[in-house]
Amino acid sequence: MIKNAVFIALLFALALFSCTQQQSSNKSEKDQSAVQSEQPAQEKQKTIIFFGNSLTAAFGLNVSQGFAGRIEKRLDSLHSEFKVVHAGNSGETTAGGVSRVDWVISQGKTDIFVLELGGNDALRGLKVSETEKNLQMIIDKVHQKNPDCTIVLAGMYAPTNMGKTYTSEFQAIYPRLARKNKIPLIPFLLEGVGGVPKLNQADGIHPTPEGHLIVTENVWKVLKDYI
């Protein structure tokens, strides 16, 4: 009887060991399957670059309070495939953008490129023809590197104190470039915010968090069709 009991106990132990090994094997297979299933998702991940000056960089605020940061949160909430690259550089002119863009787009494939530059050119009274030429060069560089990339151009106005001729010529740059390159246009990035004291910081140029909420909607209204 004792021998039988020992024999039964040994059988039970072997069965338990076999079951444990099988569970471990199944878990390993599941883990491997999970890794394999995650791989296509990583390959499908897309990139959107917000390329601009202090407006894109959310000057005076936390990046998450700016329009680019808020759109990043919105994309995350939608479980979008897009990862966001923040490439705002305070004080940058279109000429500076031409010099910097090659490095920014060299980091990997770009699917959407939001181009927001020109405001500092206007503040400095730079030649309208130079601003337009520089913006076109940036567009060309992005398309040369990523032919299928969607470039979204953010329109900007010049300050009224620059004179009627300058402001009208400057404003015309953006729709003209959009038509020429067949790219989507945000008519005026600061629509509903520019010139409204309570929506701008003390300098009267950079939006407050509340101002960036409106800018976010200005951008999203155009951008959402390409997400």
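Amide H contacts under 5 Å for residue 186: 153, 154, 155, restricted to partners 5 or more places along the chain or on a different chain, H placed in the peptide plane at 1.01 Å from N. With a threshold of 27 Å on the Cα-Cα distance, the over-threshold entries among 141/198; 83/141; 180/221; 145/224; 133/182 are 141/198. In plain terms, the chain from residue 129 to residue 79 could stretch by 13.9 nm, reckoned as 0.36 nm per residue minus the Cα-Cα distance.
Express the relative contact order of the stretch 47-226 as a whole percentage, based on alpha carbon pairs under 8 Å and six or more residues apart in sequence. Reported as a whole number, the value is 23 percent. Here each label is just a point 7 Å from Cα along the line to Cβ, and for residue 99 and residue 148 those points are 3.4 nm apart.
So if we plug the beta-carbon distance of residue 180 and residue 224 into 1/(1 + (r/R0)^6) with R0 = 30 Å, what FRET efficiency do we get, rounded to 0.05? E(calc), rounded to 0.05, equals 0.80. Note on the stretch 47-226: dipole from Cβ charges, positive end direction compared against 185, 62, 159; the farthest Cα belongs to 185.
For the stretch 47-226, a crude dipole built from +1 on the beta carbon of Lys and Arg and -1 on the beta carbon of Asp and Glu, taken about the Cα centre, is about 240 debye to the nearest 20.
Entry note, the stretch 166-227: relative contact order of 27 percent, from Cα contacts under 8 Å with a spacing of 6+ residues.
Once both labels are positioned 7 Å from their Cα atoms along Cα-to-Cβ, the gap between residue 188 and residue 164 label points is 1.7 nm.
Here, each number is a calculation from the coordinates, and none is a lab measurement. Everything numeric here is computed off the predicted structure, so don't read it as measured data. Glycine also receives a Cβ, built like all others from the backbone with ideal geometry; neighbour counts cover every protein chain displayed.
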